[in-house]
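Everything below concerns the one structure shown next.
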Amino acid sequence: MKDRYGRVIDYVRISLTDRCNLRCIYCMPEEGIELLKHEDILRYEEILKLCSAFIKIGISTFKLTGGEPLVRKGVPEFIRELKALPGTREVTLTTNGVLLGKMANELVDSGIDRINVSLDTMDAEEFRRLTRFDKIDTVLDGIDKLIKLGYENLKINTVPIQPIKPEDIIKLADLARNKPISVRFIELMPIGEGTEYSGSSSELIMSILEDKYGLAKAYQGKLGNGPANYVKFDKFKGYIGFIEALNSKFCGSCNRIRLSSTGFLKLCLHYDYGVDISGFINKLSVDELAEKLAEIIYDKPKAHMLGHKTEHTENKRMNQIGG
């Protein structure tokens, strides 16, 4: 479907839970947060019904997020059911990787189309500082297990935070040099805990990488559904990507909306407003839901105002919004 500005909206990020087994400094406080009760989050059956309605209006690409989605029971079976819906184009997953090793076989068997692993450092001490847990070996073992299973659609998402350590950037990029995966450097979003930190520009990251590996070649193809720009270095098995919501604003081509674990339909990451649709999921037919969703999504804001405080600036943490 198209919104009022003519943008094609075909992609929804679905948060399965607000819970997480890490405490990343730019996402959650060390002590954690008050968690939702189980009865407050959407049941899988409700999400599937919503997805059937989304498909009817042309939204057929689904990204599963959290919190950490894999802490919710039954995710592989839910993926199978979601992929089985007539009209589903793609189902992907973003995870911190802690449970990846334990669930790798189930996830591959579910038919998941792509897995993105959030990993901000290859240094064990820095990982512990950033996430407040000593789990880097667990995450890396999970990545290796997927590769050994022959899974090819794997990406690494990394959010560089100042001060940048060039050696850490190189170690992350080496994942793409040595393995058939893409490493994407993502600009820090100034939302929630993230407002307390400073991210880094793609120019700085590229200068570090080109000093080490030589000039990169721009990749003109598309590797997924997001706004990343990719480059290829000589002798790399994978690609390096960059996503900059602030420095390279891509609102004019934004194709996505977000659904929180409680059923709040959010039209733009930056704004605090949206529509709580949980109350009428079970009251309306799929066709009626589709009509309602189309009316809501049509009013998607023209652009975010990240970096500028407005009366509707989002103050929730990323785990509450859906990462």
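For the residue pairs LYS155/LYS235; LYS155/LYS292; LYS73/LYS155; LYS73/LYS266; LYS145/LYS266, alpha carbon separations beyond 29 Å are given by LYS155/LYS292; LYS145/LYS266. Say we join alpha carbon atoms closer than 10 Å with springs in a Gaussian network model of the chain; which of THR61, THR138, THR95 then has the biggest fluctuation? Ranking THR61, THR138, THR95 by mean-square fluctuation puts THR138 first. A full extension of the chain between LYS83 and ARG128 corresponds to an added length of 12.7 nm, given 0.36 nm per residue minus the alpha carbon distance.
Full extension of the segment from LEU149 to LYS237, taken as 0.36 nm per residue of separation minus the current Cα-Cα distance, would add 30.0 nm.
Within segment 101-126, name every residue whose backbone N is under 13 Å away from a label modeled 7 Å from Cα of ASN178 along the Cβ vector. Taking a point 7 Å out along Cα→Cβ of ASN178, the residues of segment 101-126 whose backbone N falls under 13 Å are 122-123.
Quick check: the angle from helix 202-213's long axis to the longest principal axis of the chain, C-alpha only, nearest 10 degrees? So the inclination is approximately 40 degrees.
For the chain, the longest principal axis of the alpha carbon atoms and the long axis of helix 44-56 meet at an angle near 90°. If R0 is 35 Å, the Cβ-Cβ spacing of THR195 and ASP276 corresponds to a FRET efficiency of close to 0.90.
For the residues GLY274, GLY97, GLY241, a GNM of the chain with alpha-carbon springs under 10 Å puts the largest fluctuation on GLY274. Please give the Cα centre distance for segment 9-35 versus segment 102-150, rounded to the nearest Å. Measuring centre to centre over Cα atoms gives 17 Å.
About the centre of its Cα atoms, the chain shows a dipole size close to 800 debye [charges on the beta carbon of Lys, Arg (+1) and Asp, Glu (-1) only; nearest 20 debye]. Cβ-Cβ distance of GLU210 and GLU291, R₀ of 56 Å, FRET efficiency by 1/(1 + (r/R0)^6): the value works out to about 0.65.
Could you quote the convex hull projected area for the chain, Cα atoms only and averaged over all directions, in nm²?
So the Cα hull casts an average projection of 15.6 nm².
Taking 0.36 nm per residue of sequence separation and subtracting the Cα-Cα distance, how much length would be gained by fully extending the chain between LEU36 and GLU106, in nm to one decimal? Intermediate values should be presented prior to the final figure.
Numbers: separation 70, 0.36 × 70 = 25.20 nm, distance 2.66 nm.
Gain on stretching LEU36 to GLU106: 22.5 nm.
Lacking any other cysteine beta-carbon closer than 4.7 Å, the following Cys residues of the chain have no compatible partner: CYS20, CYS51, CYS251, CYS254, CYS268. Summing +1 for each Lys or Arg and -1 for each Asp or Glu among the other residues whose beta-carbon sits under 13 angstrom from that of GLY279 gives -1.
I want the local charge near LEU82. Using Cβ-Cβ distances under 14 Å, sum +1 for each Lys or Arg and -1 for each Asp or Glu among the other residues. Don't skip to the end; give the middle numbers.
Values: positive: ARG13, ARG43, LYS49, LYS63, ARG72, ARG80, LYS83, ARG89, ARG114; negative: GLU45, GLU46, GLU77, GLU81, GLU90, ASP113.
The answer is +3.
No lab work stands behind these numbers, since they all come straight from the coordinates. Worth saying up front: this structure is predicted, and the values here are computed from it rather than measured. With ideal geometry, Cβ positions are generated from the backbone for all residues, glycine too; neighbour counts draw on all protein chains shown.
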